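Computed from the coordinates by the stated procedures, all read-outs in this text should not be read as laboratory data. Please read all numbers here as calculations on a predicted model, not as lab measurements. Virtual Cβ from ideal backbone geometry, glycine too; neighbours counted across all protein chains shown.
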Ligand SMILES: Nc1ncnc2c1ncn2[C@@H]1O[C@H](COP(=O)(O)OP(=O)(O)OP(=O)(O)O)[C@@H](O)[C@H]1O
Ligand SMILES: C[C@@](O)(CCOP(=O)(O)OP(=O)(O)O)CC(=O)O
């Protein structure tokens with residue numbers, strides 16, 4: 001039997017202007033445009049291999065070594081769109097094998113915890129869609145492909161690009177203009193770094209999908225956010241990226257994280273993702289910026305208590321100096337030259353709240369990174385079509 005395979009890696013992205021709210025649930029169409037930074041795959045990545053063969057009897061997915069259902073509405077929608085595009089390719093060249101009619105085997109591995117508030121669904125769906133697009137030799141642009149990933153998980157559309165990415169909400173009812181676009185490539189502003197404080201927490205109680213539904217249906221503040229706040233912020237944040245204006249970028253990022261969590265709390269019943277440790281991290285970063293006399297670090301939080309702190313490489317010594325003082329005991333510092341770290345002299349020692357230390361389980365130190373990458377590494381046995 002002939003087994004055809006393709007593999008790709010894909011990154012995580014962390015929004016600096018948050019997607020929160022859908023205007024169409026089944027198509028994953030958002031109520032506002034959003035912006036994100038794609039993170040390096042050296043630290044967080046999904047590797048996905050796909051295979052097709054006329055002898056396969058059903059679509060199958062193995063995630064981190066375990067068979068998973070492929071029957072969710074979202075995955076079904078992605079596979080349907082990809083097969084439709086492949087059908088068009090086959091119609092143009094009738095000599096091609098009829099992959100569009102054959103079943104798929106998908107094998108995927110995340111090199112970081114799945115479903116733990118680290119955006120695995122974004123990396124996972126972008127990898128899945130990109131790998132199949134590669135297998136099917138689809139000619140569509142990355143923005144076109146991003147519309148399919150969007151149906152898997154909204155934020156996944158942004159993981160199809162590296163660097164700085166916007167998801168334009170679009171206005172069409174069929175979602176044909178709701179897609180990811182590059183704001184600036186990684187090379188434009190390569191000095192952006194990110195420290196992820198993985199906050200010890202139980203599994204989050206409100207998944208993003210249902211959380212946003214509650215917010216859209218019940219929060220008055222949300223209407224203000226999508227009508228009066230985000231549209232201007234979207235334009236301003238793109239400008240700060242193009243101008244490499246970190247202070248302004250950081251301010252907008254922090255304000256948007258706060259705005260997102262405010263509309264969550266304004267939902268009825270309220271949704272609370274931040275915990276005491278998250279709030280202490282917020283205070284810490286504001287104290288650091290005040291002590292530095294300029295904004296050198298920005299916090300942002302998704303639908304959970306983990307903090308992502310963006311900063312520029314040139315300020316690494318003092319940003320990580322502070323984080324190391326408080327969280328030096330947790331895993332994740334292996335790559336760092338501790339000799340280079342320093343606590344800012346102006347940082348008020350009475351604000352060093354060592355109580356915060358126990359709330360953090362580990363730190364992930366990473367940076368802005370590229371989009372999905374082709375790889376020769378294949379998780380599927382080319383003879384059997386099954387996971388290696
Ligand atoms: N590599 C992958 N391939 C296919 N699907 C994946 C992959 N990784 C994750 N997923 C899907 O995403 C789901 C996890 O999404 P979920 O939103 O619960 O967590 P998360 O994205 O890690 O966290 P958060 O959305 O809070 O940042 C998994 O149950 C699985 O369905
Ligand atoms: C807070 C967020 O991380 C929400 C992400 O939501 P998802 O993309 O996970 O939601 P679905 O479209 O329902 O799958 C903000 C963001 O990434 O922009």
Practice prompt. Kindly express, to the nearest 10 degrees and within the range 0 to 90, the angle between helix 120-135's C-alpha long axis and the longest C-alpha principal axis of the chain.
Written response: 30 degrees
Practice prompt. Could you grab the relative contact order for segment 4-185? Cα pairs under 8 Å, six or more apart, rounded to a whole percent.
Written response: 29 percent
Response to the item:
Between the alpha carbon centres of segment 294-339 and segment 356-388 the gap in Å comes to 22 Å
Worksheet item: Against the longest principal axis of the chain, how steep is helix 276-292, in degrees 0 to 90 to the nearest 10, with axes from Cα atoms?
Response: 60 degrees
Worksheet item: Between residue 276 and residue 353, what is the label-to-label distance in nm when each label sits 7 Å out along the Cα-to-Cβ direction?
Response: 0.9 nm
Practice prompt. State the extension gain, in nm to one decimal, for the chain segment bounded by residue 188 and residue 200, taking 0.36 nm per residue of separation less the distance between their alpha-carbons.
Written response: 0.9 nm
Worksheet item: For segment 265-280 and segment 1-17, what is the separation of their Cα centres, given in Å?
Response: 32 Å
Item to complete: Report the full-extension gain for the segment residue 181 to residue 80: residue separation times 0.36 nm, less the Cα-Cα distance, to one decimal in nm.
Response: 34.1 nm
Discussion item. Can you tell me the length gained on complete extension of the stretch residue 42 to residue 382, counting 0.36 nm per residue apart and subtracting the Cα distance?
Written reply: 119.8 nm
Worksheet item: In deg cm²/dmol, rounded to 500, what helix-only [θ] at 222 nm does the chain give when every DSSP H run of at least 4 residues adds -39500 (n - 2.57) and the total is split over its residues?
Response: -10500 deg cm²/dmol
Fill in: Gaussian network model of the chain, Cα within-10 Å springs - most flexible of 56, 222, 260
56
Worksheet entry | the chain - percent relative contact order, Cα under 8 Å, separation 6 or more | 24 percent
Practice prompt. Please give the helix 142-152 orientation as an angle from the longest Cα principal axis of the chain, in degrees from 0 to 90, rounded to the nearest 10.
Written response: 80 degrees
Item to complete: Run the quick spin-label model on residue 55 and residue 245: label points 7 Å from Cα toward the beta carbon, then report their separation in nm to one decimal.
Response: 6.2 nm
Practice prompt. Counting only DSSP beta bridges with both residues in the chain, tell me the antiparallel percent, nearest 5.
Written response: 90 percent
Worksheet item: Could you state the number of Å between the C-alpha centres of segment 59-137 and segment 171-225?
Response: 23 Å
Item to complete: Could you work out which residue, out of 220, 276, 337, moves most in a Gaussian network model of the chain, that is, has the largest mean-square fluctuation with Cα springs under 10 Å?
Response: 337
